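The values are calculated or read from the model by the stated rules, or taken from the named source; none is laboratory data. Small disclaimer: the values here were computed from a predicted structure and weren't measured. Here the Cβ is made from the backbone with ideal geometry for all residues, glycine too, and neighbour counts use every protein chain on show.
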Amino acid sequence: MAEASGGKRIRVLIAKPGLDGHDRGAKVVVHTLKDAGMEVIYTGLHKTIEEIVKAASQEDVDVIGLSIYSGAHLPLSKKLMEMVKEEGLSDKLVLVGGNIPHQDIKTLLSYGVTGVFPTGAKLDDIVKFIKEGIEGKK
Amino acid sequence: MSKPKFDELKEVILESGIEVKPLYGPDDIKDLDYEKEIGQPGEYPFTRGIHPLMYRKRPWTMRQYSGFGTAKEANERFKWLLEQGQTALNVAFDLPTQLGLDSDDPRAEREVGRVGMAIDTLKDLEEALSDIPIDQISTSLTINPVASIMLAMYLVVAEKHGVAWDQVRGTTQNDILKEYIGRGTWVFPVEPSIRLIGDMVEFCSQNVPKFNPFSVCGYHIRESGATPVQEMAYAFEIAITYIQEVLKRGLGIDDFASRIAFNFDIHGNLWEQVAKFRAGRRLWAKIIKERFGAENPRSMILRMIAGGGGGGLTIQQPENNIVRGAYYALISALSGTQTMALCSYDEAYTIPSKKAALISLRTMQILADEMGLRDTVDPLGGSYYVEWLTKEMERKIEDCMKKVEEIGGMIKAVESGFIQSEVSRQAYLQEKKIQSGEIPKIGVNKYIMEEEKTQIEFHAFNPKVAEEQRKKLKEIKAQRNENEVEEALLGLEKAAQTQENVMPLVLKAVRAYATLGEISKVFKEVFGEFKEPVGL
């Protein structure tokens, strides 16, 4: 089942950083994770990385998912990972999705991102990845 | 002859929920009255097309979406596209520009010049349109919440080229309601945003009669997940909302309805799309005539740009997208569109490369010149299936519109998040069906191949663009007359607070080289900002 440690449901923040307004993918992932039994908070559009990290901390989520289609995924993810560290949230799984060219996946992982799911990724794989990631942390 | 056994066949249900039989005949359209329901092209209810001779007289306009980086780079690309035989421009702006932020705004960091060109002041647009024959082309400006500012800039550039406003042809996308549903470049709350659209329509009807002040985009609603029926129904409800806003100002429907333009999407089932457009033309004509009492037939026509939707393209086996693009162009021509814009094959990945943009343009040209698509008007008209499906689509679109009207119209439906939630649920259902293989998608869930992963040429983002843009902005601010800017912005603030039309004041501010960000800030202070409903 979609449970984090202590038997509570896995909590996920799906966030749209920057000015990019393509939210179809983010919303599809929100529906997917909800159907998989997780609690999902969606930030809406145009959020700064500061706002996203604050929301992740306040909502005490287990997973942060960034959805980026503008091409700015490298600098945005880098900044998020730096702030996650500063705020002591390094125990969170961080997933990045969107219009991510193949050659950038390695770079994103080197920033400390836990998983990258470019356009075309399987929804089931995202669910499985989160569940296994949380399981591994118990 | 034995009757074919239909029961054993797999059922076919279109995305819009219509079940398709394996065969259609005269019985399926026996209730259809040709004169009343179909009619001659160029005549009410315009089912077969909005012109009597359609492409036989003039092919569709070919317009690819383009423009990135600096104004200078965009200018070069525009000139190149015009040299290649493109007949109109479709301008892309970067996200800060689309959201009314200057290039030196902290929120614009990393976004300047990325997905389109950066415009901070009139100076940038002057450069982008340098040596472009404004009087001979029509220009589409893809900008929404701050469209009023871009329109003002465009008009001042035209003036500087010596082109009178009544000769200026073009379109500002300016469809804010669809931005709340998909695409997401919104700034101000719903009501004042619609007021700005009303101001522009009123201003254009009096001063720029050949300009389309807004283009209602079913396109982005469909790209966000809507079915073809929802795409058309929501677009119509949006257009009706803008019409009502303009009518409140005392204009008559025939004073402006002929300038209403639509932007629709093409991907998915060929017949469903063709029927969508034929049904849409008929229904729109009826709405404008019967509901709004228009008398001029020009008011009743559904004028549209339609083209290949990015939503149908795949990252897998990207060259297949060239073929998809060609089919979308075919659908577009069979549907009787006025302007065609095709997604380029690399669009699922990146901003179209020059090569990909050229292939799209050539695709449309091949269709027009080699394939006989211009020979005769509405060649599918009279087909038992197409006419039956057109009627079914019309019914479904009407039902979907009724649902929106029952909850109080499009403003309420968008403020509450109803439409957003309908569309995102549909996107989810569709994605699940693709992932399960229920909806076949070549290269994605069928005929999958191991692929080289680096065969696409990426549009490289140049960080120097932002630096140059900020430098230029600083220079302009140093050169302009600050008193003049301040006075213009103050005047604009007063107009925004009252019912006064803001356009003359926006023009004044633009002429004084007030920045896009400064003008937007005035609106933000008076109107506030939109709060997005995030419950799905």
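Can you confirm whether segment B:117-133 contains a residue that is in contact (Cβ under 8 Å) with a residue 24 or more places away in the chain, within 14 Å of another protein chain (Cβ to nearest Cβ) and farther than 18 Å from B:Cys204 by Cβ? Yes.
Where helices (runs of 4 or more DSSP H) sit wholly within segment A:1-109, those with at least 2 residues that are more than 10 Å from chain B (Cβ to nearest Cβ), touching a Phe, Trp or Tyr at 6+ places or on another chain (Cβ under 8 Å) and modelled with pLDDT of 95 or more occupy A:73-86. When the residues of segment B:158-214 are filtered to those that are hydroxyl-bearing (Ser, Thr, Tyr) and over 13 Å from the mean Cα position of the chain (by Cα), the one that is nearest to B:Gln420 (Cα to Cα) is B:Tyr180. Here B:Gly182 meets each of (1) of a type outside the set (D, E, K, R); (2) in contact with a His (Cβ under 7 Å, 6 or more places away or on another chain); (3) over 26 Å from B:Ala306 (Cβ atoms) with one exception, condition (3). For segment A:81-94, the condition of being over 17 Å from A:Glu51 (Cβ atoms) and surrounded by 17 or more Cβ atoms within 10 Å (Cβ to Cβ) holds for at least one residue. With the requirement that a residue be more than 14 Å from chain A (Cβ to nearest Cβ), at pLDDT 95 or above and in a loop (DSSP other than H, G, I, E, B), what does segment B:134-162 give you? Correct list: B:His161, B:Gly162. If you check B:Lys79, B:Lys10 for being out of contact with any helix residue (DSSP H, G or I) (no Cβ under 8 Å at 6 or more places or on another chain) and over 30 Å from B:Met153 (Cα atoms), only one passes: B:Lys10. Filtering segment A:110-129 to residues that are under 20 Å from B:Ile448 (Cβ atoms) and within 12 Å of another protein chain (Cβ to nearest Cβ) leaves A:Pro118, A:Thr119, A:Gly120, A:Ala121, A:Lys122, A:Leu123, A:Asp124, A:Asp125, A:Ile126. For segment B:415-445, taking the residues that are of a type in the set (Ser, Thr, Tyr) and at the interface with another protein chain (Cβ under 10 Å from one of its Cβ atoms), the one that is surrounded by the most Cβ atoms within 10 Å (Cβ to Cβ) is identified as B:Ser424.
If we scan segment B:226-237, do we find a residue that is part of a helix (DSSP H, G or I) and under 25 Å from B:Ile149 (Cβ atoms)? I'd like the intermediate steps shown before the answer.
Just the residues of segment B:226-237 that are part of a helix (DSSP H, G or I), to begin with: B:228-237.
Next, only the ones that are under 25 Å from B:Ile149 (Cβ atoms) stay: B:235.
Yes, segment B:226-237 contains a residue that is part of a helix (DSSP H, G or I) and under 25 Å from B:Ile149 (Cβ atoms).
Is it true that B:Leu373 is out of contact with any Ser or Thr (no Cβ under 9 Å at 6 or more places or on another chain), hydrophobic (A, V, I, L, M, F, W, C) and not in a helix (DSSP H, G or I)? Spell out the reasoning first.
Working: out of contact with any Ser or Thr (no Cβ under 9 Å at 6 or more places or on another chain): yes; hydrophobic (A, V, I, L, M, F, W, C): yes; not in a helix (DSSP H, G or I): yes.
Yes.
Evaluating B:Tyr384 against the criteria (1) under 25 Å from the mean Cα position of the chain (by Cα); (2) aromatic (Phe, Trp, Tyr); (3) closer than 30 Å to B:Pro22 by Cα leaves one unmet condition, (1).
Right, B:Glu295: in contact (Cβ under 8 Å) with a residue 24 or more places away in the chain and assigned to a loop (DSSP other than H, G, I, E, B) or not?
Working: in contact (Cβ under 8 Å) with a residue 24 or more places away in the chain: yes; assigned to a loop (DSSP other than H, G, I, E, B): yes.
Criteria met by B:Glu295.
The set of residues in segment A:60-75 being touching an Asp or Glu at 6+ places or on another chain (Cβ under 9 Å) and free of Cβ contacts under 8 Å to residues at least 60 places away in the same chain consists of A:Val61, A:Ser67, A:Ile68, A:Tyr69, A:Ser70, A:Gly71, A:Ala72, A:His73, A:Leu74, A:Pro75. Residue count for segment B:103-126 under the criterion of being acidic (Asp, Glu), at pLDDT 95 or above and out of contact with any Asp or Glu (no Cβ under 9 Å at 6 or more places or on another chain): the result is 3. Residue pairs whose Cβ atoms lie under 7 Å apart, sitting 6 or more positions apart in sequence or on different chains, and linking a residue in segment B:310-334 that is away from every other protein chain (no Cβ under 11 Å) to a partner that is polar (S, T, N, Q) and not in a loop (DSSP other than H, G, I, E, B), are B:Gly325/B:Ser360; B:Gly325/B:Thr363; B:Ala326/B:Thr363; B:Ala329/B:Thr363; B:Ile331/B:Gln273. Scanning segment B:58-102 for residues that are at pLDDT 85 or above, more than 14 Å from chain A (Cβ to nearest Cβ), touching an Asp or Glu at 6+ places or on another chain (Cβ under 9 Å) and not in a helix (DSSP H, G or I) yields one hit, B:Pro59. You will find that of B:Leu536, B:Leu492, the residue that is of a type in the set (A, V, I, L, M) and at pLDDT below 95 is B:Leu536 and no other. Within segment A:34-41, identify whether any single residue is of a type outside the set (Ser, Thr, Tyr), surrounded by fewer than 23 Cβ atoms within 10 Å (Cβ to Cβ), in contact (Cβ under 8 Å) with a residue 60 or more places away in the chain and within 20 Å of B:Arg425 (Cβ to Cβ), and answer yes or no. Checked against the condition, which is being of a type outside the set (Ser, Thr, Tyr), surrounded by fewer than 23 Cβ atoms within 10 Å (Cβ to Cβ), in contact (Cβ under 8 Å) with a residue 60 or more places away in the chain and within 20 Å of B:Arg425 (Cβ to Cβ), segment A:34-41 yields at least one hit.
For A:Arg11, are the conditions met, namely being more than 30 Å from B:Asp102 (Cβ to Cβ) and without any contact (Cβ under 8 Å) to a residue 60 or more places away in the chain? Spelling it out, A:Arg11 is indeed more than 30 Å from B:Asp102 (Cβ to Cβ) and without any contact (Cβ under 8 Å) to a residue 60 or more places away in the chain.
Let's see how each residue does on (1) assigned to a helix (DSSP H, G or I); (2) among the aliphatic types (A, V, I, L, M); (3) closer than 25 Å to B:Lys72 by Cα:
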| residue | (1), (2), (3) |
| --- | --- |
| B:Val465 | yes, yes, yes |
| B:Leu473 | yes, yes, yes |
| B:Asn483 | yes, no, no |
| B:Glu487 | yes, no, no |
| B:Leu507 | yes, yes, yes |
| B:Ala514 | no, yes, yes |
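Given the structure, is B:Glu405 part of a helix (DSSP H, G or I), at pLDDT 95 or above, out of contact with any Ser or Thr (no Cβ under 6 Å at 6 or more places or on another chain) and within 18 Å of B:Leu14 (Cβ to Cβ)? First the steps, then the outcome.
Working: part of a helix (DSSP H, G or I): yes; at pLDDT 95 or above: yes; out of contact with any Ser or Thr (no Cβ under 6 Å at 6 or more places or on another chain): yes; within 18 Å of B:Leu14 (Cβ to Cβ): no.
It is false that B:Glu405 is part of a helix (DSSP H, G or I), at pLDDT 95 or above, out of contact with any Ser or Thr (no Cβ under 6 Å at 6 or more places or on another chain) and within 18 Å of B:Leu14 (Cβ to Cβ).
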